[in-house]
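Computed from the coordinates by the stated procedures, all read-outs in this text should not be read as laboratory data. Here the structure is a predicted model, which means the values were calculated and not measured. Cβ placement follows ideal geometry from the backbone for every residue including glycine, while neighbour counts extend to all protein chains displayed.
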Amino acid sequence: MATLIDGKAIAAKVRAGVRDGVLALVGSERGGGEPPGLAVVLVGVDPASQIYVRNKGKAAAEVGIKVFDHTLPETTTQAELMALVGRLNEDPRVDGILVQMPLPAHLDAKRVMRAINPWKDVDGFHPQNMGLLALGDPRFVACTPAGVMVLLEEVGCKLAGADAVVIGRSTTVGRPMALLLTAADATVTLCHSKTRDLAAVVGRADIVVAAIGRAELVKGAWIKPGAVVIDVGMNRPAAGAAGGKLCGDVEFAEAEKRASAITPVPGGVGPMTIALLLQNTLTSARRRSDRTR
Ligand code: GUN
């Protein structure tokens, strides 16, 4: 039976480290005595986004980060949103800017992400930050894959020379995940919806990171005995189906019997995303004096 990777406990440890870092920064001259500032922008009324944003704001406040809340109506125009981003880019109190995705359909998310000052891009979604990661010289790394790397480290997973399989090539998780594992000297296969014989590829892997957003797509029987399984999926079945319970991309009950370590859903990767957002915001505040505007 696999060891359960306790993302809640590991995230709490990361958050405690950030809290200590915030205290040190506030007491130091370099930080100018100001706490790190995080602007959280939510457009519209998507219920899941509202919950995420609330949780991010709460977690930030708990570690001493100042939160600047910007909740905008569904009818916000592209020009209004771009103007807000422009003001936040210039605001010296703001070290990190997070525009919650997805945006309402009439807004161009790519343009918004590219407008964020790359030195305040605590999501790591700006092309400059993605490019730096691809070059092996990361500045801000997307929070979810960065959190997965912390989990792997915490369970003592040996990455150098390991066969790692990432399922899902999203720009927010799969692609940066593959780059991070490559930088850590794993041999990485990036799978996606067109991959032939996913079962065979997964069956060779020492490390499986599932981030494709399809409930229990990865069957437990595919997992190589002793592999480490990280499940990024958060699939909410339609009311009534599967008991309405949140489930991951991996068939947990079967995978748990074969893996050496596995993340639960919820309580695995989810809490790490927020913890790494706080970490990125602290890192940004520490770089204040380097920031170019
Ligand atoms: N929506 C879901 N996850 C994320 C995230 O990590 N960052 C942002 N900005 N939006 C999201």
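So the values come out like this:
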{"item": "Among Pro225, Pro73, Pro271, residue whose mean-square fluctuation peaks in a GNM of the chain (springs only between Cα atoms under 10 Å)", "result": "Pro73"}
{"item": "Projected label distance in nm at Arg111 and Thr3, using a 7 Å step from Cα toward the beta-carbon", "result": "4.9 nm"}
{"item": "Descending semi-axes in Å of the range 196-242, equivalent ellipsoid built from Cα gyration tensor", "result": "22, 11, 9"}
{"item": "Surrounding net charge for Gly233, when Lys and Arg each add one and Asp and Glu each subtract one, Cβ distance under 9 Å", "result": "-2"}
{"item": "Total lysine pairs whose alpha carbons fall under 19 Å of each other in the chain (8 or more apart, or interchain)", "result": "15"}
{"item": "Charge tally in the Cβ shell below 15 Å around Ser193, where Lys, Arg are +1 and Asp, Glu are -1, Ser193 excluded", "result": "+3"}
{"item": "0 to 90° range, to nearest 10: angle between helix 174-183 axis and the chain longest Cα axis", "result": "80 degrees"}
{"item": "Whole-Å distance, taken between Cα centres, linking the range 19-76 and the range 202-270", "result": "30 Å"}
{"item": "Net charge, Leu181 excluded, C-beta distance under 13 Å - Lys, Arg +1, Asp, Glu -1", "result": "-2"}
{"item": "Stokes-Einstein D for the chain, Kirkwood Rh over Cα pairs, 10 °C, 1.306 mPa s (µm²/s)", "result": "80 µm²/s"}
{"item": "Arg87-Ser289 pseudo-label distance in nm [points 7 Å out on the Cα-to-Cβ vector]", "result": "3.0 nm"}
{"item": "Rounded to 5, the percent of DSSP beta bridges in the chain classed as antiparallel", "result": "5 percent"}
{"item": "Label point distance in nm, Ser193-Arg214, each placed 7 Å from Cα along Cα→Cβ", "result": "0.9 nm"}
{"item": "Quarter of Cα convex hull surface for the range 88-171, i.e. mean projection, nm²", "result": "7.4 nm²"}
{"item": "Candidates Val112, Val141, Val232: whichever shows maximal mean-square fluctuation once the chain is modelled as a Gaussian network with Cα springs under 10 Å", "result": "Val112"}
{"item": "The range 33-169 - Kirkwood radius from inverse mean 1/r over Cα pairs (Å)", "result": "16.5 Å"}
{"item": "Fewest-first sequence of Arg175, Arg291 by Cβ atoms within 10 Å of each Cβ", "result": "Arg291, Arg175"}
{"item": "Derived scalar couplings ³J(HN,Hα) [the range 265-274; Karplus, 6.51 cos²θ - 1.76 cosθ + 1.60; whole Hz; x for Gly, Pro]", "result": "10, x, x, x, 6, x, x, 5, 4, 5"}
{"item": "Relative contact order of the chain, pairs being alpha-carbon contacts under 8 Å that are 6 or more residues apart, as %", "result": "23 percent"}
{"item": "Taking the range 83-151 and dividing mean pair separation by its residue count, relative contact order in percent (alpha carbons under 8 Å, at least six apart)", "result": "25 percent"}
{"item": "Mean ellipticity per residue at 222 nm, deg cm²/dmol - from DSSP H runs of n ≥ 4 across the chain, formula -39500 (n - 2.57)", "result": "-12000 deg cm²/dmol"}
{"item": "Built amide H within the under 5 Å cut-off of Cys191, gap 5+", "result": "Val166, Ile167, Gly168"}
{"item": "Lys, Arg +1 and Asp, Glu -1 on Cβ, resulting dipole of the chain about Cα centre, debye, nearest 20", "result": "160 debye"}
